[in-house]
Amino acid sequence: MALEQYVDWSEIESLVLILSDLIRKSSRLFSTITTLSRGGLIPARLLADHLGIQKILVDPTTISSDSLVVDDIFDSGHTFNKIQSLVDDPSRLFFVTLFVRRGKQYPKQLVYAKQTNDDGYVVFPWDKLEFQNSLK
């Protein structure tokens, strides 16, 4: 049985730096960041600061292909597929996450900082309470 993987703020900051470097090396320029409110909002804010992007769009119904899409983890692929269906030009989607689930197949538009240790639940600092409540 896999154990949960706790992530602290120090690791989050390191992963955001890794992603910032990977994004800069891509030579893509982004006018906005797009994210989902539950998992990606905090990483999106941190990346916005590092990349100098002023506008963060949350839970949009359409997404411009010049918007950087940010989430905390690529797990089942459901969020990615939902986002991809909302992008005006899906071939230009640039989707970044702090973590990807080890052992999954990743779409070519996905950029990530780290793989999970196993298939255990990743507990981010912003969802500790949600995780604790799920154990009740």
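Only one of the values [x] 1.36; [y] 0.95; [z] 1.04 was calculated from this structure for Rg/Rh (Cα atoms, Kirkwood Rh); name its label. Of the labelled values, this structure produces [y]. Panel order for Thr62, Thr32, by other beta carbons found within 10 Å of each beta carbon, from fewest to most: Thr62, Thr32. The local environment of Ile33, defined by Cβ-Cβ distances under 14 Å, has a net charge of -2 under the rule Lys, Arg +1 and Asp, Glu -1. Over the chain, dividing the summed -39,500 (n - 2.57) contributions of all DSSP H runs of at least 4 residues by the number of residues returns a 222 nm mean residue ellipticity of -10000 deg cm²/dmol. Sorting the segments 103-116, 69-82 by their mean number of nearby beta carbons within 10 angstrom, highest to lowest, gives 69-82, 103-116.
Which order do Asp127, Asp59 fall in if you start with the one that has the fewest other Cβ atoms within 10 Å? Before the final figure, lay out each step's value.
On the way: Asp127 18, Asp59 11.
Ranked by crowding around the Cβ, least crowded first: Asp59, Asp127.
With the cut-off at 29 Å, tell me which of the pairs Lys108/Lys128; Lys55/Lys108; Lys25/Lys104; Lys108/Lys136 have Cα atoms farther apart than that.
Details: Lys108/Lys128 31 Å; Lys55/Lys108 25 Å; Lys25/Lys104 24 Å; Lys108/Lys136 38 Å.
Long pairs (Cα-Cα over 29 Å): Lys108/Lys128; Lys108/Lys136.
Could you size up the charge dipole of the chain around its Cα centre, putting +1 on the beta carbon of Lys and Arg and -1 on that of Asp and Glu, and report it in debye to the nearest 20? Don't skip to the answer; put the middle values down first.
Details: 15 positive and 17 negative charges, 64 e Å.
It comes to approximately 300 debye.
Taking the number of Cβ atoms within 10 Å of each Cβ as an exposure proxy, the fewest-first ranking of Leu98, Leu51 is Leu51, Leu98.
Values in this text are rule-based calculations from the coordinates and carry no lab data. This structure is a prediction, so every number in the text was calculated from the model and none was measured. Note that we place each Cβ from the backbone using ideal geometry, even for glycine, and neighbour counts take in every protein chain shown.
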